[in-house]
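Participant: Submitted below is the structure of interest, expressed as structure tokens.
The values are calculated or read from the model by the stated rules, or taken from the named source; none is laboratory data. The structure displayed is predicted, hence computed values, not measured ones. So basically every Cβ, Gly included, is an ideal-geometry build from the backbone, and we count neighbours across all protein chains shown.
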């Protein structure tokens with residue numbers, strides 16, 4: 001049902017989403033760049049590097065700032081609710097700045113060495129510079145909204161700030177989970193964390209688009225819920241790819257998350273399943289490292305514990321909820337087409 | 001002239017400032033606390049610890065959240081411009097949250113082990129938790145303003161966000177200076193850094209108070225300049241204390257900044273003075289450590305290079321400029337009394 005809905009609504013399916021993202025970048029990237037260029041001196045340089053516009057030495061680079069999924073959601077939500085997307089470009093830019101603030105800080109906290117096939121900002125410029133640049137980028141996002149004369153700007157500002165607080169709590173919970181014994185993290189805690197880390201900003205992007213279209217509270221809440229549910233569906237599918245891979249699309253080997261002992265949603269579902277297979281997985285996760293056979297055994301244990309089926313069903317269920325929420329605010333599926341195409345793109349995209 | 005001005009204007013001098021800060025805390029602290037208590041789970045806990053309201057294990061603590069100089073400036077500025085300070089309490093709270101965001105992140109970047117006589121948040125909870133809590137606190141500050149129905153809230157929000165960007169650039173510059181050879185940092189760069197790091201938020205506090213009093217652009221700019229100049233005067237005096245001490249007030253030994261090889265304003269003034277004494281100081285700073293005689297020799301070199309006199313004159317000059325700026329917006333020195341008392345308190349306060 002979900003897919004039937006989504007396909008009916010999507011103007012031209014996945015191709016439509018790709019074209020939509022291209023059009024979004026064409027509109028948002030110049031604004032994003034000119035906004036980032038207002039940052040002072042050294043902070044600007046780190047930000048220009050992070051977005052892929054400059055090399056570490058300041059020479060121009062041809063990188064791409066990102067897929068622009070969140071800005072596309074802002075503009076598509078504004079259109080779906082009958083609004084003019086042009087004034088919402090500022091909100092789309094703010095959301096992309098806020099997203100990149102989280103990337104800069106998450107890479108520090110997770111000690112990730114690379115992002116978008118390049119060394120991360122902290123890796124190149126050191127933790128202090130990357131930290132301060134993230135801070136400035138968050139302030140810039142909220143400044144952009146506060147300086148807007150649009151009637152929705154205060155509400156959008158408050159909503160984005162509240163979302164950032166939720167994102168921080170989600171990231172904090174994620175770090176805390178990694179330090180707790182595997183069986184102690186409940187699936188509910190894990191779902192709440194994923195909602196905060198992944199769903200909140202997707203929901204906020206849709207809500208900001210609705211606000212800029214002059215939508216009422218009920219529509220704004222429905223758009224937020226649409227983005228959150230789609231975000232959780234995305235996370236579940238991303239977690240499945242992290243175990244069983246999606247080799248023909250990404251080339252990423254299966255089992256990557258298992259090698260890293262990541263407590264992804266299917267892993268936690270298995271660990272907390274009370275099954276023999278769940279206990280086997282706990283045993284395998286207790287090992288400091290897993291060889292190829294160990295990774296296969298772990299993936300097999302997740303599947304036998306019923307967690308692969310659970311994650312697939314849960315993802316489909318979340319997408320169904322997302323579509324339902326969207327239909328509350330946008331009964332005309334034609335008008336909702338772009339949002340559905342983006343949701344489908346997000347949940348199918350390669351890692 | 002500066003002091004005559006300041007004393008004439010101060011309602012009851014230093015005592016007045018102390019009473020003013022007490023009254024500010026009585027009004028702002030409950031609001032600050034109830035706002036911080038809205039933060040989610042673990043982030044709230046780190047924030048409650050940071051403010052001194054809870055111990056690390058979550059039991060109540062009797063600590064004090066800080067002197068509340070910035071909130072006091074907000075409220076005093078609102079009063080000085082004939083406004084009702086009551087609606088400005090929200091802005092005062094936002095400014096204190098933003099200040100504490102900088103403390104949480106600066107302590108990470110500077111690897112400071114203690115703050116307000118207690119282990120710093122990163123030291124107790126780890127870098128990820130302290131970093132995320134700082135992020136959430138910044139978002140909370142800007143959310144508080146965005147959710148305010150006051151006519152000044154959008155302008156205040158934009159101004160605070162712009163100030164945070166400046167603070168980040170200042171902190172980034174400070175870190176960068178510490179890694180450059182001593183003679184390469186110019187005094188102008190150093191003054192700009194101190195203005196960004198210390199003056200900007202004091203100026204912003206005064207500007208926010210003026211905005212909440214409904215003041216015009218000219219008054220707001222003058223109040224901002226007043227806070228910035230007073231902030232730089234404070235920094236210069238703080239730097240003098242870091243070399244020659246203020247033992248009867250703080251018990252802090254003289255020479256602390258020299259032991260730490262800190263490139264404070266008088267030190268940079270001496271290093272860039274082109275004098276023999278400046279070259280001597282550079283030689284002493286090239287040593288990995290200074291013994292008691294070395295610290296005395298370094299302090300003596302700063303003095304012989306003319307940098308002690310320079311810092312004292314510059315501080316007095318900055319205070320004079322601060323008073324001049326204030327007089328542009330508030331010609332009635334009676335009305336400006338509280339702001340002058342706070343400026344005098346800040347520039348005389350113990351470290």
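Participant: Does residue A:126 fit the bill of being more than 22 Å from residue A:160 (Cα to Cα) and either within 14 Å of chain B (Cβ to nearest Cβ) or touching a helix residue (DSSP H, G or I) at 6+ places or on another chain (Cβ under 7 Å) (or both)?
Facilitator: Criteria met by residue A:126.
Participant: Inside the stretch B:67-95, can you point out the residues that are under 17 Å from residue B:53 (Cα atoms) and buried (at least 22 other Cβ atoms within 10 Å of the Cβ)? Lay out the reasoning, then the answer.
Facilitator: Step one: filter the stretch B:67-95 for residues under 17 Å from residue B:53 (Cα atoms), giving B:67-68, B:93.
Those that are under 17 Å from residue B:53 (Cα atoms) and buried (at least 22 other Cβ atoms within 10 Å of the Cβ): B:68, B:93.
Participant: Given the criterion more than 10 Å from every other protein chain (Cβ to nearest Cβ), closer than 30 Å to residue B:274 by Cα, touching a residue at least 12 places away in the same chain (Cβ under 8 Å) and surrounded by fewer than 22 Cβ atoms within 10 Å (Cβ to Cβ), identify the matching residue among B:191, B:236.
Facilitator: B:191
Participant: What do you reckon, is residue B:56 in contact (Cβ under 8 Å) with a residue 40 or more places away in the chain and within 22 Å of the chain's Cα centre (by Cα)?
Facilitator: In short, no.
Participant: Now a separate question. Among the residues in the stretch B:3-18, are any out of contact with any helix residue (DSSP H, G or I) (no Cβ under 7 Å at 6 or more places or on another chain) and at pLDDT 95 or above?
Facilitator: no
Participant: Does the stretch B:40-90 hold any residues that are closer than 30 Å to residue B:222 by Cα, touching a helix residue (DSSP H, G or I) at 6+ places or on another chain (Cβ under 9 Å) and in a loop (DSSP other than H, G, I, E, B), and which are they?
Facilitator: Result: B:65, B:66, B:67, B:68, B:81, B:83, B:84, B:85.
Participant: Continuing with this model, one more query. Check the stretch B:28-43 and report whether any residue there is at positive phi, without any contact (Cβ under 8 Å) to a residue 24 or more places away in the chain and away from chain A (no Cβ under 14 Å).
Facilitator: Checked the stretch B:28-43: no residue is at positive phi, without any contact (Cβ under 8 Å) to a residue 24 or more places away in the chain and away from chain A (no Cβ under 14 Å).
Participant: Of the residues B:209, B:214, which is outside any helix (DSSP H, G or I) and either at pLDDT 95 or above or surrounded by 21 or more Cβ atoms within 10 Å (Cβ to Cβ) (or both)? Full working, then the answer.
Facilitator: Values: B:209 fails: outside any helix (DSSP H, G or I).
One residue alone meets the criteria, B:214.
Participant: Quick one: which residue in A:93, A:198 is part of a helix (DSSP H, G or I), away from chain B (no Cβ under 11 Å), at pLDDT below 95 and under 17 Å from the mean Cα position of the chain (by Cα)?
Facilitator: Exactly one of A:93, A:198 is part of a helix (DSSP H, G or I), away from chain B (no Cβ under 11 Å), at pLDDT below 95 and under 17 Å from the mean Cα position of the chain (by Cα), namely A:198.
Participant: Of all residues in the stretch B:167-188, which are without any contact (Cβ under 8 Å) to a residue 40 or more places away in the chain and within 11 Å of another protein chain (Cβ to nearest Cβ)?
Facilitator: Across the stretch B:167-188, the qualifying residues are B:168, B:169, B:170, B:172, B:173, B:174, B:176, B:179.
Participant: Quick one: in the stretch A:96-123, of everything that is within 11 Å of chain B (Cβ to nearest Cβ) and in a loop (DSSP other than H, G, I, E, B), which residue is surrounded by the most Cβ atoms within 10 Å (Cβ to Cβ)?
Facilitator: A:110
Participant: Given the criteria closer than 30 Å to residue A:225 by Cβ, at pLDDT 95 or above and either buried (at least 18 other Cβ atoms within 10 Å of the Cβ) or within 21 Å of the chain's Cα centre (by Cα) (or both), does residue A:308 qualify? So that I can check it myself, show each step before the final result.
Facilitator: Working: closer than 30 Å to residue A:225 by Cβ: yes; at pLDDT 95 or above: yes; either buried (at least 18 other Cβ atoms within 10 Å of the Cβ) or within 21 Å of the chain's Cα centre (by Cα) (or both): yes.
So residue A:308 fits the description; yes.
Participant: Taking the stretch B:141-164 only, how many residues are farther than 13 Å from residue B:92 by Cα, at the interface with chain A (Cβ under 7 Å from one of its Cβ atoms) and buried (at least 24 other Cβ atoms within 10 Å of the Cβ)?
Facilitator: Of the residues in that region, 4 qualify.
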